[in-house]
1. Working only within the range 130-160, note down all residues that are outside any loop (DSSP other than H, G, I, E, B) and under 26 Å from ALA261 (Cβ atoms).
2. When SER52 is evaluated against the numbered criteria (1) in contact with a Cys (Cβ under 6 Å, 6 or more places away or on another chain); (2) surrounded by 16 or more Cβ atoms within 10 Å (Cβ to Cβ), which criterion, by number, is the only one it fails?
3. Among the listed residues THR247, THR200, THR251, identify the single one that is in a loop (DSSP other than H, G, I, E, B) and either among the small types (Gly, Ala, Ser) or touching a residue at least 60 places away in the same chain (Cβ under 8 Å) (or both).
4. Give LYS167, LYS191 a once-over and let me know the one that is in a helix (DSSP H, G or I), in contact with a Pro (Cβ under 8 Å, 6 or more places away or on another chain) and in contact (Cβ under 8 Å) with a residue 12 or more places away in the chain.
5. Hey, does the range 228-241 have a residue that's modelled with pLDDT of 95 or more and outside any helix (DSSP H, G or I)?
6. Of ALA261, ALA257, ALA284, which residue is surrounded by 16 or more Cβ atoms within 10 Å (Cβ to Cβ) and outside any strand (DSSP E or B)?
7. If the Cβ limit is 8 Å and pairs must be 6+ apart or interchain, which residue in the range 88-99 that is assigned by TED's automatic domain parsing to the domain that holds ILE135 and under 14 Å from ASN153 (Cα atoms) pairs with which residue that is surrounded by 18 or more Cβ atoms within 10 Å (Cβ to Cβ) and polar (S, T, N, Q)?
8. Looking only at residues that are under 14 Å from LEU133 (Cβ atoms) and surrounded by fewer than 22 Cβ atoms within 10 Å (Cβ to Cβ) in the range 93-105, which one is farthest from the chain's Cα centre (by Cα)?
Amino acid sequence: MAFLMTLATQNCALTDAEPTRLEHDSLGPVDVPADTYFGPHTARAVANFPISGRSTSEIPDLVVALAEVKLAATRANHDLGALAPRKFGAIDQACREIIAGQLHDQFPVDCIQGGAGTSTNMNINEVVANRALEILGHDRGAYDELHYLDDVNRSQSTNDVFPTALKIAIYRAIDPLLGALTQLEEAFAGKGDEFADVLTMSRTQLQDAVPMTLGLVFRGFAAGIAEERAQIDQAAQTLKTINLGGTAIGTEINTPAGYTALVRDHLDAITGIEVRTAPNLLNATSDMGPFVQVSGALKRAALKLSKISNDLRLMSSGPQTGLGDIELPAVQAGSSIMPGKVNPVIPEVVSQVAFVVAGNDLTISMAAEGGQLQLNPFEPVIVTRLHESITQLANAATVLTEKCVRGITTSPERLRHRVHHSVGLATALTPLIGYSAATRLAQEALMNGESLVDLVLRDELATAEELDATLEPDRLVHPHEVGTTSPSTGA
């Protein structure tokens, strides 16, 4: 049957000779692989959604978060007398096992699915129920003893379980990204210190502008990364507001009195995340705003990383006929036909990740807008694309740090020579020799290829000591922190 063929593609391979157990749902009988912990709803979902080829099990953060939500709900129901102690103990243990990393291969439903996440919620319900039945000494599928909906899903709906689990999963996934960005920021800052006294030429609109230090460039990169990291962290805080307890649409239907506050407290304790119940559960159930905000922050950071990567590629272009301000570490041969060619492959891959993140942001925006009335059915694509953006961005930041930034080198003497021969130096010399003289000498230097510094000395417009003071790196970087008077006065 089609279901068996689909399972084979989801790493749950079956043949016609393998045993099955017969289970039933509201649509009728379903053959389920005998050795699995999932049940009929999961089996139908696997057959219905052969879409991306990526199963829920490939997002372990989500599987763990789903189990944590089920555990919190089970404990709240038990505290309120809505769940028998015997069932509670078995469900509690099953949830804790999944949180610890067990049974993750029992989540074969495709990440992209219809139904607002119902298939994934059914999947966790069935796995927990069948493992709990096993703990109690019953066969899998013996739902008369413990039911995946009446017991595991008690006081819950997909519509509050799934978005709550998504927020927990995404919040956790962001932490490694923040760590990777911190490492990248520190690497850029380290290069800023290393190149603090390396004189170079800035460029605006790809033309020589004014002298600066290479260290200032890298400190700017570090500051930019720090800013993006703060924006992502700020956006992540919105994920702590949950709608758990709102059930179907946010009205708390089918929950015992006091459940919503209690389940939040249990989830807080289980996850270690200071979750808070949304002030309006009806709005929170259909609102995808937090995911949009996180995605926007990810896109902003990705574009910043890509812009920095573009700068690194430009600054390292050459090696003979490009800018050649810096040398990137050589990590692999660059051509199958051009001997000795080395390409800036690390910055290139970072930019490609930025393209993915930007595209995912558009998908997430459309999915958030596309919901209707009291529910948004497009949460599956939101979590899939968000998780992809976070994971790839973290990997890109790590690779950029370890395989590129830390190994960047430069030639201070070559850069200083270029600064002295650049007409851009005229701007820095204007306070010393005047605008008219600076313009005249800049034009002569450009025409004859001479050093602007040499021309100033030739015309005796300033002494070598005055030129050295004017072009001292600290003065160029912090002009108001080095002396209080023009170097030409000698005062």
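1. Matches in the range 130-160: ALA132, THR158, ASN159, ASP160.
2. (2)
3. Among THR247, THR200, THR251, only THR247 is in a loop (DSSP other than H, G, I, E, B) and either among the small types (Gly, Ala, Ser) or touching a residue at least 60 places away in the same chain (Cβ under 8 Å) (or both).
4. Within the list LYS167, LYS191, the selection yields LYS167.
5. Within the range 228-241, one or more residues are modelled with pLDDT of 95 or more and outside any helix (DSSP H, G or I).
6. ALA284
7. Note: pairs meeting the criteria are PHE88/THR74; PHE88/ASN77; ILE91/THR74; ASP92/THR74; CYS95/THR74.
8. So the residue we want is GLN93.
The values are calculated or read from the model by the stated rules, or taken from the named source; none is laboratory data. As the structure is a prediction and not an experimental result, all values here were calculated from the model. Counting neighbours? That spans all protein chains shown, and the Cβs are built from the backbone with ideal geometry, glycine included.
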